[in-house]
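The values are calculated or read from the model by the stated rules, or taken from the named source; none is laboratory data. What you see is a predicted model; the values in this text were computed from it and never measured. Reconstructed Cβ throughout: ideal geometry from the backbone, glycine too, with neighbour counts over all protein chains shown.
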Amino acid sequence: MPTHNTNLQKKLGNYFLPPVKRLEMYQLAIADSDWIDVDPYLLMQPKNIGLEQARVSLEQLLNEKFTVKDEDGNVIESHNIKAISVMGVDNIPLVERRIAKDMFIFVQNRPSISHFEAALWLESEKVKPYQHNVILVKDEEIPYEMSSTILRDKICKGESVEQFIPLKVCEFFKTDTTFQKVFKSMQQKAKDKVTEVGGPVYAEPLESFGLSGDSVKENLKEHVDFTFNNIEFNELVPEYTFGQPTKLGRGLAAVVWSMKWNDVPVAVKIFNISSQKSRKIGSFKLELRALHRIDSKYVVRCLGAGSVGDGIYIVLERAETLNIWNFVTENADMWCKNGYSLEWIDAWANLADGLHAMSSAGVYHRDLQLDNILLFKEKREGVLEEEKKSEGDKIIFKVSDFGVSSLEEDRDMIRGSIRHYAPEAIEERMNYSSACDVYSFGMLLHEMMHGKRIYSDHPTSEMTVKIIAGERPEFEVPCHQKIKDIIGCCWAQKPDDRPSFAEVSQMLRNAYNELALETGK
């Protein structure tokens, strides 16, 4: 959360703690640290001067990094590197205006920022000629998705945040009367924004979603040549966190918001087309087209789409929990120690069924990775109530994010995450088939068991050389030989040697049944 008043007012209106209380909270947060300090001076500054300090520090670090010295400490080679600005992904239009002459380093440090969005942007018409000026760095030391928005949402819902913040701060939230007063005021503000007048009425300004109501509403029929369920924006009721619409995630092409439609929780993916219009409409069309074609319980459902102002959006069913990447990395210690359960093998088989439905519909996902698999839970049927309580809900995996998908007949394809690509697709972008998705599925299962990216200690350039040469990651956690064999089939070097998704599903079910007999479950 920004420490200075100007940005806090933009985020929360007048509903934020006074500087003295914020300082108290920050000091509690770092009480046990011997290397973090709080500068009270920053709290009352009209601008984020800490960002300028970060720019200067980055400039010094880069110059030190690329300075070569001899054994005596004499400088042999140096570079006058100038860090012009430090910015977030919301400043992409500025980047595009300057990319022809300036070098940009993108640091992706949150798991929910989709890999395919960066790849999609790099392949766009404005950026592609200047890809050599972009360095993409993935900082994967943070194993779970976390931000001030997510923390506030968890606190609002009464969920535990002790895993993410110091216990002393948790106690501060619960006991401080000033905080409790601000908290209640924001909740009341959120309730006041939605009223019932002959049905749900949308009362939140479009600006809250980064949109403008001044623009002429986009006619989706000009872009989509099939029938879809049109959902008007005023049918969608936003959910709030601390008086602000709840944001579930964002990429370079779209932002996903938590809302309700007919009292059903939904995720609304909004594309602001006031900039990079052709690219964002292209991503919107790819996703809507794929979801329109696929009919499977194990693929996230599209409930409809629509447009408002300078935005177009897709309404999707919403997962109750995290995507699989966040789940396995948050639980990595427990996960790698205890391994996967039989129930997960069953869920893998069901996921393969969903991918079979996808490939049967002629769709290539092109970006299968844990970030794009959502975790759902459903009540168990046909068992006694006592068994339901002891076993808990059933785990369901669903495929999502078809923003770089393609059809068999497509002649222009966009890359997803190269780290998960089959060797033939790494070497030639157009050489993509369903067998490439099967390969990615094998990598996905390996990552799920290990709780980390494949070849996470290697840059992408080195990793692709290994994959093309036929190398595959080792198994460093307990894994039954039957599962190893299935994964090995999926990531076979030659696409003709890989099974279909229907065959993968059957292989996983056979493994499930055999292991169930062996364990007596």
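In the range 191-211 there is at least one residue matching the filter, namely being modelled with pLDDT under 90, under 29 Å from residue 23 (Cα atoms) and either surrounded by fewer than 20 Cβ atoms within 10 Å (Cβ to Cβ) or out of contact with any strand residue (DSSP E or B) (no Cβ under 9 Å at 6 or more places or on another chain) (or both). Give the residue that is modelled with the lowest pLDDT, with candidates limited to residues of the range 130-179 that are under 27 Å from residue 251 (Cα atoms) and among the aromatic types (Phe, Trp, Tyr). Checking each candidate, the answer is 144. Scanning the range 396-449 for residues that are closer than 15 Å to residue 463 by Cβ and either in contact with a Leu (Cβ under 6 Å, 6 or more places away or on another chain) or outside the structural domain of residue 487 (by TED's automatic domain parsing) (or both), which turns out modelled with the lowest pLDDT? Among those residues, the one meeting the criterion is 447.
Is there a residue in the range 238-248 that is modelled with pLDDT under 90, touching a strand residue (DSSP E or B) at 6+ places or on another chain (Cβ under 7 Å) and part of a loop (DSSP other than H, G, I, E, B)? Scanning the range 238-248 turns up at least one residue that is modelled with pLDDT under 90, touching a strand residue (DSSP E or B) at 6+ places or on another chain (Cβ under 7 Å) and part of a loop (DSSP other than H, G, I, E, B). Cβ separations smaller than 8 Å between residues 6+ apart or across chains give the following pairs from the range 59-84 residues that are closer than 21 Å to residue 95 by Cβ to residues that are among the polar types (S, T, N, Q): 81/63. Here the helices (runs of 4 or more DSSP H) wholly within the range 261-338 that include at least 1 residues being modelled with pLDDT of 90 or more and surrounded by 22 or more Cβ atoms within 10 Å (Cβ to Cβ) are 277-293. Looking only at residues in the range 2-35 that are touching a Leu at 6+ places or on another chain (Cβ under 8 Å) and either closer than 15 Å to residue 173 by Cα or at pLDDT 80 or above (or both), the one that is surrounded by the fewest Cβ atoms within 10 Å (Cβ to Cβ) is 23. Collect the residues in the range 251-260 that are more than 14 Å from residue 314 (Cβ to Cβ) and surrounded by 21 or more Cβ atoms within 10 Å (Cβ to Cβ), keeping them in residue-number order. Answer for the range 251-260, where residues must be more than 14 Å from residue 314 (Cβ to Cβ) and surrounded by 21 or more Cβ atoms within 10 Å (Cβ to Cβ): just 252. Scanning the range 409-446 for residues that are of a type in the set (Asp, Glu) and surrounded by 23 or more Cβ atoms within 10 Å (Cβ to Cβ) yields a total of 1.
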